[in-house]
Amino acid sequence: MLDPIISARGVNVFYGDSQALFDIELDVLPNKVTALIGPSGCGKSTFLRSINRMNDLIPVCRFEGELTLSGQDIYDKSVDVVALRAQVGMVFQKPNPFPKSIFENVAYGLRIHKMCTAKSELQDRVEWSLKSAGLWEEVSHRLDEPGNSLSGGQQQRLCIARAIAVQPKVVLMDEPCSALDPIATAVIEDLIDSLRKDYTIIIVTHSMQQAARISQRTAFFHLGKLVEFGETKTIFTTPKDERTQNYITGRIG
Amino acid sequence: METPHIVKKFDKNLDKIKSVILEMGALVARQLEDASEVLFAYDKKEVRRITELDLMINGFHKDVHSRAEILIVRRQPMAFDLRATLAPIEVARELERVGDYAKTMAAFAETFDESPPASEHIALINEMSAAVLVMLGDVLQAYLTGDIELAANVRAQDLSVDILNDKIRDSATKMAGDSTHDAKACIYVILVAQKLERVGDHITNVSRYINQVYTGDDLKRSL
């Protein structure tokens, strides 16, 4: 058994008086795709955003419990949140390239984190990132064009290139294909599968089929609780909990 | 599954597949019963009628396959729903094979008319036919109600069918070597017993698929 890269122990998250997550205990294994599924409002996105402390941006949000990345407490006061987000990248539901060129979109994080000093090093890293995201062939001749001139699927791959440019340990994905057509979705899914050899990926998805296709482990959340977590094949064929069974078969009211 | 699906049509489509299977099962049971009756009371027209039922049974098989395929494409079922959608394809295939054996048995009637078997063999074959018909009735009931205990009971019943097959084989083999008996009749008795034994096996497979739908356990794979 691999050592977990992320461990959640007794995680509770509150938005003001309302509790969004209840006592979550979950280990994410390295170089696996872990899918978080569940009905809207079940807490899966809240959990995802807790991992790179995106919830810190919400004033009423309060976190309790322990969440570690490679054994280090993510919520420890000494943690530099900017540095944390370099280790835990994020790709959002809607592609959100910066209003900059394709090159600058990828170079941005590298500059912020001072990861490349020489210009040639920066260029090499941008090229590597775009190649890893399967976008290089399509954009190598127009790196100076605006990032938002690309198609939706290309923009999402640009965001993935931007996330992996700083070589994070973990990439969080919040419904990354929900705004994409089936072909662009298939390209992203294929990319996720190839990226997992270098990164740990945690993905929130509303598509059961997508979770079944791309993940190795699946966690089912319901009403803020982690109901069931295990091998994806088991979750989608012989789930143990009736609530999981009812949700994945479309029998939840 | 007690909790209704959000998409009512999904449950309706699953129910429809189940009803087609039950209709097919009833037809196969009738074909098997008729084949057992005609076996030692040859009637050319009846044999032809039983043989022609095969076309209808094959039609049911194709219908089940097509309905399950459409359901998978439209709904991408998971877990119980996936098993409940896939199992009918396997069950229909098993029933179709039972129908094939019934057809073959009916075709043996002409041979028995020309070479009558020993009365004790007729009695044993009838006993075996009755046993597999009970198994078939029980397995269809288990499929209708999702009764996995009844399905398990069907698997247990197969043992007595196997014992009867051994008994008939040993007796007919011995009798075939005896010049006072018709060797051809003895050989065909063995063949009929073999067909009925295979029928029992296919019904047993159906019972395993029923168990798999409701428990997720693949009994065939664990054998």
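Once you have the Cα-Cα distance between residue A:194 and residue A:83, take 0.36 nm times their residue separation minus that, and quote the gain in nm to one decimal.
Length gained, residue A:194 through residue A:83: 37.4 nm.
What are the membrane-span-like helices in chain A by this rule: whole DSSP H runs, Cα extent along the axis at least 27 Å, mean Kyte-Doolittle hydropathy at least 1.6?
none
Once R0 is set to 51 Å, what does the formula 1/(1 + (r/R0)^6) return for the Cβ-Cβ distance between residue A:111 and residue A:60, expressed as a FRET efficiency to the nearest 0.05?
For R0 = 51 Å, the calculated efficiency reads 0.95.
Which aspartates and glutamates does residue B:174 reach when only Cα atoms under 14 Å apart count, and residues fewer than 8 places away in its own chain are ignored?
Partners found: B:120, B:166, B:182.
Using +1 on the beta carbon of Lys and Arg, -1 on that of Asp and Glu, and nothing else charged, what's the dipole of the protein assembly as shown about the Cα centre, debye to 20?
1820 debye
For the range B:71-223, take every pair of Cα atoms, bin their distances at 10 Å starting from 0, and report each bin as a whole percent.
11, 35, 27, 16, 8, 2, 0
Using 7 Å Cα-to-Cβ label points, what is the residue B:119/residue B:169 separation (nm, one decimal)?
With each label placed 7 Å out from Cα toward Cβ, I get 2.8 nm.
Mind checking A:230-238 for the average number of partner chain beta-carbons within 10 Å of each residue's beta-carbon?
Neighbouring Cβ atoms belonging to other protein chains average 2 per residue here.
Which one of B:80, B:108, B:60 has the biggest mean-square fluctuation once chain B is modelled by GNM with Cα springs under 10 Å?
Greatest mean-square fluctuation among the candidates belongs to B:80.
Please list, by residue number, everything in the range B:97-115 whose backbone N is under 11 Å from a paramagnetic label point 7 Å out along Cα→Cβ of residue B:44.
Residues passing the 11 Å test: none.
For residue B:195, which lysines qualify as cross-link partners when the Cα separation must be under 18 Å and same-chain residues fewer than eight apart are set aside?
Correct list for residue B:195: B:103, B:167, B:184.
Under a point-charge model restricted to the Cβ atoms of Lys and Arg (+1) and Asp and Glu (-1), what is the dipole moment magnitude of chain B relative to its Cα centre, in debye to the nearest 20?
Its charge dipole is roughly 980 debye.
How would you rank A:205-212, B:99-106, B:24-31, B:141-148, highest first, on the average number of other Cβ atoms within 10 Å across their residues?
B:99-106, B:24-31, A:205-212, B:141-148
Considering only protein heavy atoms and a probe of 1.4 Å, how much of the accessible area of the range B:8-222 is carbon and sulfur, as a whole percent? Before the final figure, lay out each step's value.
Details: 5280 of 10090 Å².
Carbon and sulfur: 52 percent of the exposed surface of the range B:8-222.
At a Förster distance of 45 Å, what's the computed FRET efficiency of residue B:15 paired with residue B:194, Cβ-Cβ distance as r, to 0.05?
With R0 = 45 Å, the Cβ-Cβ based efficiency is 0.75.
Which parts of the range B:28-67 would a label at residue B:126 reach, counting a residue when its backbone N lies under 11 Å from a point 7 Å out along Cα-to-Cβ?
Under 11 Å, as judged by backbone N against the label point of residue B:126, lie B:37, B:40-41 of the range B:28-67.
Compute the accessible area per residue over the range B:8-222, keeping the other protein chains in place, probe 1.4 Å, unit Å².
47 Å²
Give the lysines reachable from residue B:16 as a straight Cα distance under 16 Å; neighbours fewer than 8 places away on the same chain don't count.
Of all the lysines, those that pass the test against residue B:16 - Cα under 16 Å, at least 8 places apart if same chain - are B:8, B:62.
For the range B:8-222, with the dipole built from +1 on Lys and Arg beta-carbon atoms and -1 on Asp and Glu ones, taken about the Cα centre, which of B:172, B:125, B:92 lies farthest toward the positive end?
B:92
For the charge dipole of the protein assembly as shown, defined by +1 on Lys and Arg C-beta atoms and -1 on Asp and Glu C-beta atoms about the Cα centroid, which residue among A:227, A:211, A:151 has the Cα displaced farthest towards the positive pole?
Final value for the positive-end residue is A:151.
Once both labels are modelled 7 Å past Cα along the beta-carbon direction, what's the residue B:184-residue B:141 spacing in nm?
Distance between label points: 4.2 nm.
Calculate what fraction, in whole %, of the accessible area of chain A sits on carbon and sulfur atoms when a 1.4 Å probe is rolled over the protein chains.
50 percent
Which order do B:160, B:36 take by accessible area at a 1.4 Å probe, largest first? Numbers along the way, then the final one.
Numbers: B:160 60, B:36 15 Å².
Ranking B:160, B:36 by accessible area, largest first, yields B:160, B:36.
Where does helix B:44-75 land angle-wise versus the long Cα axis of chain B, in degrees 0 to 90, nearest 10?
Roughly 20 degrees, rounded to the nearest 10.
Which residues, if any, in the range B:1-43 have at least 30 Å² less accessible area in the whole protein complex than in the isolated chain, probe 1.4 Å?
Listed in order, they are B:1, B:3, B:5, B:6.
Tell me what chain A gives for mean residue ellipticity at 222 nm when only DSSP H runs of n ≥ 4 count, each as -39,500 (n - 2.57), the sum divided by the residue total, rounded to 500 deg cm²/dmol.
When only DSSP H runs of four or more count, the value is -10500 deg cm²/dmol.
State, in square angstrom and to the nearest 100, the accessible area buried between chains B and A, both chains counted, probe radius 1.4 Å.
Counting protein atoms only, the buried area is about 1200 Å².
List nothing, just return the count: lysine pairs in chain A, 8 or more apart or interchain, with Cα separation under 19 Å.
14
Angle, helix B:8-39 long axis vs. longest principal axis of chain B, Cα atoms, 0 to 90°, nearest 10?
Tilt of helix B:8-39: around 0 degrees.
Under the definition of partner shielding as Cβ atoms of other protein chains within 10 Å of a residue Cβ, what is the mean value for peptide B:79-85? Could you put the intermediate results ahead of the total?
Working: counts 14, 8, 5, 4, 2, 1, 0.
So the per-residue partner count for this stretch is 5.
Taking only protein heavy atoms into account and a 1.4 Å probe, give the accessible area per residue of the range A:122-202 in Å².
For the range A:122-202, the solvent-accessible area averages 41 Å² per residue.
Given Cα pairs under 8 Å that are at least 6 residues apart, what percent is the relative contact order of chain B?
Reported relative contact order: 25 percent.
The values are calculated or read from the model by the stated rules, or taken from the named source; none is laboratory data. Computed from a prediction, not measured in an experiment: that's the story for all the values here. Here Cβ is always computed from backbone atoms with ideal geometry, including for glycine, and neighbour counts include all displayed protein chains. What goes into the accessible areas is simple: the full protein's heavy atoms, side chains included, and nothing from ligands, DNA or RNA. Shrake-Rupley method; radii C 1.70, N 1.55, O 1.52, S 1.80 Å.
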